[in-house]
Every structure is written in structure tokens, then in C-alpha cells.
Amino acid sequence: MPWVRLHGTKDYLDMAQLLERFPKLHQTINLVPSLLVQLQDYIDGQAFDPYLELLLKPVERFSAQQVRFAVERSFDACHRTMVFPHPRYAALLEQREKRGVDWCVHHWTAADIGDVLAWFNLTWIDPLFRETDPEIAALFAQGQGFSLGDRQRIYAKQRHILAQIAPTHRQLRDRGQLELTTTPYTHPILPLLVDTQCARVAVPDLLLPGHRFQWESDLDLHLTKAKQIYARYFGGEPQGLWPSEQSVSPAMLPYLSRHGFRWLCSDEGVLGWSLGHYFRRDDHGRSDAPHLLYQPYRLETTAGNLAIVFRDRYLSDAIGFTYSNLPPGQAVTDFVERLQGIHADWQAEDRDRPWLVTVALDGENCWEYYANDGKDFLELLYGTLSDLDWLQTVTVSEFLQAFPPTEKIPPHQLHSGSWIDANFTTWIGDPIKNRAWELLAEARQCLARHPEATQDNNPEVWEHLLAAEGSDWFWWFGAGHSSEHDAVFDRLFREHLQGIYQALNETVPQSLWYPLDGGSSQDRRPEHPIQPPLTAWQPQHVGRGGLSLGGRTTGHHAAGHPGSAVVLRMRSPAGVPPG
């Protein structure tokens, strides 16, 4: 898949470079270790994906299948913000929508194919680089008639941007403007690696896999690899850990302490369950218990103490899902007014300690829905926050050093859950997700029967295991999320499990040669636009005059963002309050 390369050119460098323009602004940004490894593969010219292979190949040498792939997949972007603003790109999309894929496959010229490939890759380059790089600006201005040489230059620019990501973050960290955190190596759900039974803490009657997965020792592997990669790119050791999907449980805490982490983060829903308090908000989004939400907590473990902070879900989701629909000025005004409300609550409390408002969200997923990739919004937001005299943006470690936690959560009382609905049902509980866990458990047990296969003499088997333990496979399996790439994810997951057996010279189980759903999925791609009947809507009254409204927006995925007091960078949609 091309998303590491494309998000790398659109979302992973510009946020850091934009931050340099606002020296008063401090942020916390998280970069997943396995993401850094994949970026390096592209930088070194060792990684390729089907989209990239077409970009670098003469159109005249395309197979019929590759022509169809180019027609079908070269508009994989938000059309409103990434296709429509570019006339040639928009015209090709309009033609495909009116005439159909088959017509385009047979009638598009080599020039049409070359242009659509060029534009697909150009539109994933952040607008900031059009201002700072004249060659990129010239490619955008060219508009059409892209030659193979032009497309190769686009790829060269992509690699140049990717190569600056890690060094730029390190420079900002060394300058003191940025705190860099890490995540377990391949982004696994740590609580589920410790014991899949923990999923029943939040959902007691959840259907679980037939084979219980219980491999605490794998936490050490993921955390050790994360620290090694962090040291390779940034030097030193990270103070903070972004648990994958902000997933936490009591059993994982001693491992974090033993590895030297000082703090971690999770969601206000997890805090609510941990304290036994349901966080309610008024019509203006203000919390009923801000003094509970806007402070760090101490977690005492047998291996040492940790601090934990909890994100303001309302403010985080406003940036992640709401503000892309508003003009930048209106969005920034709304954000600052909500911070003013929190500040007023703090003043009313007459406290001698400041509050820490944690704004944390996916650092890449929302921006393609903003006009100009969010650049206008971020510039205005950063400038506004820099000028406020009643607010200071800080990294988490800066705040904790000045104001260590005074309240604690007994470790056994910490809720086991994630930032999605304060549970783990996104990754376990569905029959297909459970089947994946069972296959993983069987492969892990097979590896345990081979103590001679160490990380030194058989690194391949361990890489396959750690990759298979990543959370994203389970995200896409079964109900909840769906993609046209589901079959690819399924195959890649099973190939990693097959790799475990093959690296051990064991026979690959027959079950790993067939799709997890047995090929019985009823999902299929749409064949034509839907035509729903439109009728007058009538409000549904609930209880004492309440109005029932439904709906929830979710995003896709992997990293950092603007905030009031601190911004953390990572991935995934947020959930809803507990209860």
C-alpha cells in the first residue's frame, strides 16, 4: 500500500516545519517505530508499491491490468479538497464518473494515464512545499502533459521530503520546542498481548477467541525495539509512550516502568471508568468535572511510578472531525473560546496549580478533509495560541517536571480500554477478529516450542511475529471497518503467520492458506450511485422532551497535532463516553 509514502509527503514533515515558524509553541509528537522503518525503506529506494511502480514505468509498457489499476485507483484521495482544486485532475475524474471505468480503460490515451498518475502523486504533496520548493511549484503549474521524466522528478521530490522527516523532528527536539514520544514497535494493543481476557473488563459478555492469547513477554520485545529505533533516529531515550490506540491496562504498567518510561496517555473515557465518574458536558461542550480531567495522575507500580494524562476528547475531536467543515477563522475562534471557558472554570476553582489540557488525535487523517490540507487553519491556530497571555503550550514532560502529579490512580483501578468507546471491541470480539487471534496464538505457541530460535540466530521469525501482533490487522478484520483492500490485509496477515512456521521449518497449517472469512464475505464494491427516497423528517421525542439524534464520524489512520496545552501525534478515531 502507498500510504506511508503519501502521508509522508503530505503530513509527517509539514507539521514540524510549520512549528518552526512559531517558536513559542511547544508540542508533543509521536512517531511509530515501524513507520520510521518503512519511511527509511522508501528513502533508501528499497520500498515499492503498485502505485509507485506505475508512476515510474512508461505508459506504453503497461499491461491491460495496470491500465485498469491506474484508472480505478488514481483518485484515492478526498475528491473535494485534493482532486477538484486541480482542473486537469478534476476533468479526468469527471470523465471517469460520466463514462465509466471500462470506457476510460479503452479510450484514455497514454497522456491521460500519465497525467492521472502524476496528479495522484502531486496532490499528496503538502501545500507548504509548493511555497518553499520552486520545482514542486512548477510541477503543479504545469498542469498536464507530464512525461515519464516529470513523474520520476515527482518521485525524487517525494524521497527528498521523506528524508527530512526524522532529522527535522530531532532538531526541534534538541531545540526544546518538541517532545518526541514512541509507541510499541508495530503498534500492537499491549493489553491484549498480555491477556485477551482483559477485553471483558469493559464488555463482560464479549465473545472471545477459543485460544486465549497470553504473552506478556512480548511487551518487552516491542518496547525494546521501539527504544532502539528511537535512539537510532533521535538519540537518547523517550520519556513518554503513546500506547497504541491509547490502550491501557494495569498489567502492562510495570513493563513501561522497567523500560524507563516516565509517562503515558489515554482518553477521558478511560479516566471516567477508572474514577467511577461519567464525564458529562453541557450544550457548549464544557465538562462537569474539569478539575478531574485537566490534571496528570500518578500510577504506582512495583517497578516504579508513572504519570498518565488523559486527553480532552471534545477538543481533540473538534480538530479531528469538525473543524474541516468550517472556515479557518470560525474554527480557530471556536477552539479558543472553548479554552477560555476552561480557563474561566480554573479561575473559579481558585487553584494554585495550572490545569493541563491535553489535545491528542491522529496526526495525519483529518488534514485531507481540510481546505489546503489544513495549512490555513494551522497557521491561524498556531499564531493565535502563541499570542495568548493566559495560556502556555507545553510538552507533557515540561508540565510534569514543573507540576508532578498530586493525585493517583491505584494501578488495579486503571480501566482496561482504548480511546474508542473505552473498550477493545475494535480489535477483538467479532468472529473474524477472534479467528485471527486464534491463528496468532497457535503460531506464537509454535514459536515457543523452539527455544533455539533466538532473535540473534533467527531474526526473521521474530519480525514476522511482531508484525502479526500489530493492531491494524484486527482493525480491518470483521465488522466495524471495511476497505477495498480487505483481501490484501487478510493475505498479508496470513503471510506473516506462514512466515513464522516457515522460518522454523514447520509445516504451515492448512488454515493459513484460506481467507479468514472463508471467502464468504457479503461485502462488495458499489456498482452505481444509491438513490435513497427522501421524505420529510420528523423529530423523535425521547423521555421528557429530549431529542434523539444519531450518528458518529470516524476516521482512517498512523501520527500529531495542534492543541491548547499539549498536542500528541498518532492515529485513529475517537470513541464515545463510557456508560
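The values are calculated or read from the model by the stated rules, or taken from the named source; none is laboratory data. Keep in mind it's a predicted model, so treat the numbers as computed, not measured. Glycine gets a Cβ as well: all are built from the backbone with ideal geometry, and neighbour counts include every protein chain shown. SASA here: full protein model, heavy atoms, side chains in, ligands and nucleic acids out. Shrake-Rupley method; radii C 1.70, N 1.55, O 1.52, S 1.80 Å.
For residues that are within 14 Å of Val201 (Cα to Cα) and in a loop (DSSP other than H, G, I, E, B), scanning just segment 403-422, find the one that is most open to solvent (accessible area, probe 1.4 Å). Among those that are within 14 Å of Val201 (Cα to Cα) and in a loop (DSSP other than H, G, I, E, B), it is Asp421. Look at Trp537 and say whether it is at pLDDT below 95, among the aromatic types (Phe, Trp, Tyr) and loosely packed, with under 10 Cβ neighbours inside 10 Å. For Trp537, the condition - at pLDDT below 95, among the aromatic types (Phe, Trp, Tyr) and loosely packed, with under 10 Cβ neighbours inside 10 Å - is met.
Matching residues to (1) among the aromatic types (Phe, Trp, Tyr); (2) within 22 Å of Met1 (Cβ to Cβ):
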site	(1), (2)
Arg88	no, no
Leu93	no, yes
Gly100	no, no
Cys104	no, no
Leu117	no, yes
Asn121	no, yes
Trp124	yes, yes
Pro127	no, no
Asp133	no, no
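Restricted to segment 482-495, and to residues that are part of a helix (DSSP H, G or I) and open to solvent by 50 Å² or more (accessible area, probe 1.4 Å), which residue is farthest from Asp218 (Cα to Cα)? Per the criteria, the residue is Ala487.
Filtering Glu379, Glu364, Glu349 for residues that are under 27 Å from Leu264 (Cβ atoms) and either buried (at least 17 other Cβ atoms within 10 Å of the Cβ) or touching a strand residue (DSSP E or B) at 6+ places or on another chain (Cβ under 6 Å) (or both) leaves a single hit, Glu364.
Taking segment 144-195, which residues are among the aromatic types (Phe, Trp, Tyr) and outside any helix (DSSP H, G or I)? Once the filter is applied, which keeps residues that are among the aromatic types (Phe, Trp, Tyr) and outside any helix (DSSP H, G or I), segment 144-195 yields Phe146, Tyr185. Taken as a whole, the structure places Ala141 among residues that are more than 18 Å from Leu52 (Cβ to Cβ), open to solvent by 10 Å² or more (accessible area, probe 1.4 Å) and part of a helix (DSSP H, G or I). Filtered by the rule that a residue be open to solvent by 10 Å² or more (accessible area, probe 1.4 Å), hydrophobic (A, V, I, L, M, F, W, C) and in contact with a Pro (Cβ under 8 Å, 6 or more places away or on another chain), segment 280-306 gives a lone residue, Ala303.
Taking (1) surrounded by fewer than 16 Cβ atoms within 10 Å (Cβ to Cβ); (2) farther than 16 Å from Trp119 by Cα; (3) touching a Gly at 6+ places or on another chain (Cβ under 9 Å) in turn, Pro87 satisfies each apart from (2). Per the conditions (1) farther than 20 Å from Ile420 by Cβ; (2) open to solvent by 50 Å² or more (accessible area, probe 1.4 Å), the sole criterion not satisfied by Lys227 is (2).
Residues being open to solvent by 20 Å² or more (accessible area, probe 1.4 Å), of a type outside the set (Ser, Thr, Tyr) and in contact with a helix residue (DSSP H, G or I) (Cβ under 7 Å, 6 or more places away or on another chain): count how many of those fall in segment 155-178. Number satisfying all stated conditions: 5. Among the candidates Leu35, Leu39, Leu6, Leu52, the residue that is modelled with pLDDT of 95 or more, assigned to a helix (DSSP H, G or I), among the aliphatic types (A, V, I, L, M) and surrounded by fewer than 21 Cβ atoms within 10 Å (Cβ to Cβ) is uniquely Leu52. Looking only at segment 294-311, decide whether some residue is of a type in the set (A, V, I, L, M) and part of a helix (DSSP H, G or I). No, because not a single residue in segment 294-311 is of a type in the set (A, V, I, L, M) and part of a helix (DSSP H, G or I). For the condition open to solvent by 20 Å² or more (accessible area, probe 1.4 Å), of a type in the set (A, V, I, L, M) and outside any helix (DSSP H, G or I), Ala479 qualifies.
One residue stands out among those in segment 267-293 that are in a loop (DSSP other than H, G, I, E, B) and under 26 Å from the mean Cα position of the chain (by Cα): the one that is farthest from Ala199 (Cα to Cα), which is Gly285.
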